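The values are calculated or read from the model by the stated rules, or taken from the named source; none is laboratory data. For clarity, every value in this text was computed on a predicted model and none was experimentally measured. Heads up, the Cβs are rebuilt from the backbone with ideal geometry, glycines too, and the neighbour counts pull from every protein chain shown.
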Amino acid sequence: MTVSAQVTPGSVPPAAFEEQEAIAGRSLGQLAWMRLRRDKGAMTAMITLIVIIALAVFAPLITRMLHIDPLSFDDKAVSQDGGLPIGPFGGMSLAHPLGVEPGTGRDNLARLLYGARVSLFISFSATIITCTIGVLVGIVAGYRRGWVDGALGRFMDIVLAFPLLLVALSMAPVLTQRLQSMGLSGNGGRVLYLILVISIFGWPYLARIVRGQVLSIREREFVESAVSMGAGTSRILFREILPNLWAPILVYATIVMPSYIALEASLSFLGVGVLPPTPTWGAMLADSVRYFVVDPAFLFFPGALLFIVVFAFNSLGDAVRDALDPRTGRV
Amino acid sequence: MSEQEHATSTKARPAGSGAEPLLRVSHLQKHFPITTSGLLRRTIGSVKAVDGISLEVGRSETLGLVGESGCGKSTAGRTMLKLLEPTAGTIEFEGRDITRLNRAQMVPMRRRMQMIFQDPYSSLNPRHTVGSIIGAPYAIQGVNPPGGVKAAVQSLMERVGLNPEHYNRYPNEFSGGQRQRIGIARAIALHPKLIVCDEPVSALDVSIQAQVLNLLEDLQQEFEIAYLFIAHDLSVVRHISDRVAVMYLGHLAEVADADQIYLTPRHPYTLALLSAVPIPDPIKERKRKRILVQGDLPSPSNPPSGCVFRTRCWKAQDICAQQAPQLREMQPGHRVACHFPEEPKPVILSS
């Protein structure tokens with residue numbers, strides 16, 4: 001996410017200018033990036049996230065190299081009388097580096113890697129949709145003010161008044177069926193359902209933040225200057241105002257992303273998530289609770305991974321906010 | 001940038017003579033409604049920021065618009081550019097009535113009328129490079145300057161005294177004076193005929209003010225631009241203006257040639273305003289007679305009846321409360337809105 005701080009329009013000066021000038025022009029995005037790079041905690045968090053995302057993306061390759069598979073059962077890895085993993089700490093062995101699932105003997109590492117794909121896909125997509133809707137609604141409400149702002153504000157209040165978990169649980173059977181009848185069978189429909197539910201109830205928070213920012217930005221004279229040159233509304237909204245909103249948007253995105261991973265886990269835990277046998281972190285956590293007393297390692301790995309990702313995203317979000325705030329001092 | 005003073009007398013042009021003026025504003029009003037808060041907004045009054053002003057700006061002329069804070073001079077300038085919708089009155093630009101043109105219809109007109117803003121910090125988008133800020137008029141108006149946008153922008157930067165190599169820098173890397181030059185370059189990019197300057201130097205150091213004023217004068221001669229120069233600093237206005245209009249509480253008090261205003265002010269308010277300017281000569285300064293105006297500026301939502309200045313005027317009589325004085329021509333080119341104007345005798349004030 002932080003990388004996009006640099007891609008504000010035209011922020012990268014041509015190399016020729018960099019060479020000529022002793023003091024090269026630096027954009028606010030570049031300054032923020034420099035501050036971020038000095039923040040060791042933020043860089044650790046970012047590298048961690050990049051590694052996890054890479055592991056998820058290359059999960060098929062990695063599992064093939066390690067000769068593990070998320071779906072195939074392994075009778076030899078579990079005891080025949082009760083199905084507990086054989087071996088130390090949840091059945092760790094060369095064949096199964098992070099142990100196996102009790103009962104089935106499915107490989108934990110493979111399931112975590114494949115689960116990351118689903119969990120991260122859902123949370124990334126939901127974050128992008130949330131931010132897009134939130135920014136659009138917030139920027140329009142803040143810029144137009146008047147009855148548009150009033151109507152959008154009341155609509156946001158209504159959306160926020162719904163209890164997310166209850167609505168998600170009660171709508172799940174109907175909506176997943178509807179999505180199935182539209183041709184999205186099985187997990188495709190369920191993943192889409194999770195993304196939709198999370199996004200639909202997530203955008204008003206960002207919309208409110210953005211609206212508040214726009215209310216103050218629209219009074220700055222550069223907006224009036226654009227009007228005095230004859231600029232249309234879309235140019236004012238997306239070329240003049242939007243670039244000044246990157247800081248709150250980025251910060252919000254890095255904060256909601258981990259909460260969406262956790263939310264996906266909760267919903268999978270409650271049974272409206274992805275269908276078995278497809279692994280997700282939430283579903284693995286849900287399964288592991290039953291075995292906690294006899295096989296704590298089965299809970300430990302998905303729990304630790306979820307903790308690491310949430311923690312890394314949160315620290316990165318904090319660091320991005322600090323780096324984008326000009327008051328934190330110059331580099 | 002030359003620091004030498006441009007003598008004001010040499011640039012005085014006959015005001016309002018000959019051909020039609022570039023901008024003619026008649027009985028212009030801009031009222032802001034005061035509404036109740038809540039879901040159903042009721043209008044319970046209005047702030048009469050501009051309440052019936054009539055003035056003209058000739059081609060390549062500088063009309064200074066002065067008045068104290070809150071008198072409506074900035075609102076007047078913005079309404080004339082249709083950045084605010086006028087409540088009543090007409091605005092004619094180059095002989096065309098633009099009062100009721102909508103936003104889309106105004107777009108082609110905006111090539112010929114521009115604005116320079118007071119605050120060089122908030123008037124430049126901090127997320128755009130200088131190149132894209134100065135090039136914005138081309139992008140918005142769909143104009144393709146000969147030689148390309150970049151070349152045009154860089155020659156503009158050179159013209160206003162900026163280093164064209166700083167094309168890719170951001171506004172936060174420039175000083176206040178340099179930022180104001182960026183704003184000026186943006187305003188002149190499309191060679192407008194009228195620029196409304198809303199206190200363009202009041203946020204700058206005095207040493208920088210002179211440079212920017214001289215730049216504005218040079219550009220005026222080069223591109224034949226007319227300025228509506230809004231300011232509260234009378235010495236700045238005198239330096240640059242051909243004619244001066246004095247505004248008080250949404251009304252014009254006096255309009256005259258710059259020299260006439262300063263040498264023979266006729267409106268009591270103008271007199272009081274000028275008497276507040278210190279004289280840079282200790283002996284004369286000690287003899288200077290200050291006119292202290294009583295009381296506060298009345299609320300523009302509830303202006304006094306008749307003459308708006310009567311509540312603070314030492315010459316006020318009964319008629320001032322009953323009848324609003326019209327802007328009458330006392331001498332050629334010198335219009336005053338007062339029932340009891342001052343005698344046209346020279347007053348000794350600052351040079």
Exercise for the section: Answer with yes or no whether A:Leu94 is among the aliphatic types (A, V, I, L, M), surrounded by fewer than 20 Cβ atoms within 10 Å (Cβ to Cβ) and touching a Pro at 6+ places or on another chain (Cβ under 8 Å). Expected result: no
Practice task
Residue by residue through segment A:100-148, note down the ones that are small (Gly, Ala, Ser) and out of contact with any helix residue (DSSP H, G or I) (no Cβ under 7 Å at 6 or more places or on another chain).
Solution key: A:Gly103, A:Gly146
Practice task
Please identify the pairs in which a residue from segment A:213-224 that is free of Cβ contacts under 8 Å to residues at least 24 places away in the same chain has its Cβ atom under 6 Å from the Cβ atom of a residue that is of a type in the set (Asp, Glu) and in a helix (DSSP H, G or I), counting only partners at least 6 apart or on another chain.
Solution key: A:Val223/A:Glu240
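Say whether the condition of being outside any loop (DSSP other than H, G, I, E, B) and either within 14 Å of chain B (Cβ to nearest Cβ) or under 30 Å from B:Asn168 (Cβ atoms) (or both) is met by at least one residue in segment A:50-71. Lay out the reasoning, then the answer.
Within segment A:50-71, the first condition is being outside any loop (DSSP other than H, G, I, E, B), and the residues that meet it are A:50-57, A:59-65.
Now narrow it down to the ones that are either within 14 Å of chain B (Cβ to nearest Cβ) or under 30 Å from B:Asn168 (Cβ atoms) (or both): A:50.
Looking for residues that are outside any loop (DSSP other than H, G, I, E, B) and either within 14 Å of chain B (Cβ to nearest Cβ) or under 30 Å from B:Asn168 (Cβ atoms) (or both), one finds at least one in segment A:50-71, hence yes.
For (1) more than 14 Å from every other protein chain (Cβ to nearest Cβ); (2) within 24 Å of A:Trp147 (Cα to Cα), each residue gets a yes or a no:
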{"site": "B:Pro33", "(1), (2)": "no, yes"}
{"site": "B:Gly45", "(1), (2)": "yes, yes"}
{"site": "B:Val50", "(1), (2)": "yes, no"}
{"site": "B:Ser60", "(1), (2)": "yes, no"}
{"site": "B:Gly64", "(1), (2)": "yes, no"}
Completion exercise
Among (1) at pLDDT below 90; (2) within 14 Å of chain B (Cβ to nearest Cβ), A:Gln180 falls short only on (2)
Practice task
Test A:Glu219 against the criterion of being in a helix (DSSP H, G or I), within 14 Å of chain B (Cβ to nearest Cβ) and either in contact with a helix residue (DSSP H, G or I) (Cβ under 7 Å, 6 or more places away or on another chain) or among the acidic types (Asp, Glu) (or both), and give yes or no.
Solution key: no
Handout entry: Matching residues in segment A:151-194 - criterion: being surrounded by 16 or more Cβ atoms within 10 Å (Cβ to Cβ) and not in a helix (DSSP H, G or I)
Key = A:Leu184
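Within segment B:87-105, which residues are surrounded by fewer than 23 Cβ atoms within 10 Å (Cβ to Cβ) and either in contact with a strand residue (DSSP E or B) (Cβ under 7 Å, 6 or more places away or on another chain) or modelled with pLDDT of 95 or more (or both)? Talk me through it step by step, then tell me what you get.
Looking only at segment B:87-105, we keep the residues that are surrounded by fewer than 23 Cβ atoms within 10 Å (Cβ to Cβ), and these are B:87-92, B:94-105.
B:Thr87, B:Ala88, B:Gly89, B:Thr90, B:Ile91, B:Glu92, B:Asp97, B:Ile98, B:Thr99, listed by residue number.
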Exercise for the section: Inspect segment B:87-95 for any residue being touching a helix residue (DSSP H, G or I) at 6+ places or on another chain (Cβ under 6 Å) and polar (S, T, N, Q) and give the result as yes or no. Expected result: no
Problem - Count - residues of segment A:223-263 that are within 20 Å of A:Ala141 (Cβ to Cβ), in a helix (DSSP H, G or I), facing chain B (nearest Cβ under 9 Å) and of a type in the set (Gly, Ala, Ser) - result: 1
Exercise for the section: Determine whether A:Ala286 is within 15 Å of the chain's Cα centre (by Cα), within 30 Å of A:Pro85 (Cβ to Cβ) and either surrounded by fewer than 19 Cβ atoms within 10 Å (Cβ to Cβ) or without any contact (Cβ under 8 Å) to a residue 60 or more places away in the chain (or both). Expected result: no
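Closer than 11 Å to B:Val130 by Cα and either more than 11 Å from chain A (Cβ to nearest Cβ) or in contact with a strand residue (DSSP E or B) (Cβ under 7 Å, 6 or more places away or on another chain) (or both): which single residue out of B:Leu162, B:Leu228, B:Leu219 fits that description? Walk me through how you get there before you give the answer.
Values: B:Leu228 fails: closer than 11 Å to B:Val130 by Cα; B:Leu219 fails: closer than 11 Å to B:Val130 by Cα.
Being closer than 11 Å to B:Val130 by Cα and either more than 11 Å from chain A (Cβ to nearest Cβ) or in contact with a strand residue (DSSP E or B) (Cβ under 7 Å, 6 or more places away or on another chain) (or both) holds for just one of B:Leu162, B:Leu228, B:Leu219, which is B:Leu162.
Given the criteria of a type in the set (Gly, Ala, Ser) and surrounded by 15 or more Cβ atoms within 10 Å (Cβ to Cβ), does A:Gly142 qualify? Let's see the steps before the verdict.
Values: of a type in the set (Gly, Ala, Ser): yes; surrounded by 15 or more Cβ atoms within 10 Å (Cβ to Cβ): yes.
Yes; evaluated as a whole, the condition is true for this residue.
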Handout entry: Filtered residue count, segment B:165-179, keeping only those that are within 12 Å of chain A (Cβ to nearest Cβ) and either surrounded by 24 or more Cβ atoms within 10 Å (Cβ to Cβ) or touching a residue at least 24 places away in the same chain (Cβ under 8 Å) (or both)
Key = 9
Completion exercise
Within segment B:61-86, residues being in contact with a helix residue (DSSP H, G or I) (Cβ under 6 Å, 6 or more places away or on another chain) and more than 15 Å from A:Ser225 (Cβ to Cβ) number 6
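Is one or more of the residues making up segment B:104-113 in contact (Cβ under 8 Å) with a residue 40 or more places away in the chain, at negative phi and out of contact with any Phe, Trp or Tyr (no Cβ under 7 Å at 6 or more places or on another chain)?
Filtering segment B:104-113 down to residues in contact (Cβ under 8 Å) with a residue 40 or more places away in the chain leaves B:111-113.
The next check asks that each one be at negative phi; those that pass are B:111-113.
Applying the additional criterion that residues be out of contact with any Phe, Trp or Tyr (no Cβ under 7 Å at 6 or more places or on another chain) yields B:111-112.
Yes.
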Handout entry: The listed residue being of a type in the set (A, V, I, L, M, F, W, C), closer than 25 Å to A:Ala59 by Cβ and in contact (Cβ under 8 Å) with a residue 60 or more places away in the chain, out of A:Ile209, A:Ile198, A:Ile133, A:Ile139
Key = A:Ile198
Completion exercise
Expected output for segment A:153-181 (first residue within 24 Å of A:Val135 (Cβ to Cβ), partner hydroxyl-bearing (Ser, Thr, Tyr), Cβ below 9 Å, 6+ apart or cross-chain) is A:Met156/A:Tyr205; A:Leu160/A:Tyr205; A:Ala168/A:Tyr193
Completion exercise
Looking across segment B:31-73 at residues that are buried (at least 20 other Cβ atoms within 10 Å of the Cβ) and outside any strand (DSSP E or B), the single one that is nearest to the chain's Cα centre (by Cα) is B:Lys73
Exercise for the section: Look through segment B:80-95, keep the residues that are farther than 15 Å from B:Pro192 by Cβ and either charged (D, E, K, R) or part of a strand (DSSP E or B) (or both), and return whichever of them is nearest to the other protein chains (Cβ to nearest Cβ). Expected result: B:Glu85
Handout entry: Those residues of segment B:108-139 which are facing chain A (nearest Cβ under 7 Å) and closer than 17 Å to B:Gly77 by Cβ, in sequence order
Key = B:Arg110, B:Gln114, B:Met115, B:Phe117, B:Asp119, B:Ser122, B:Ser123
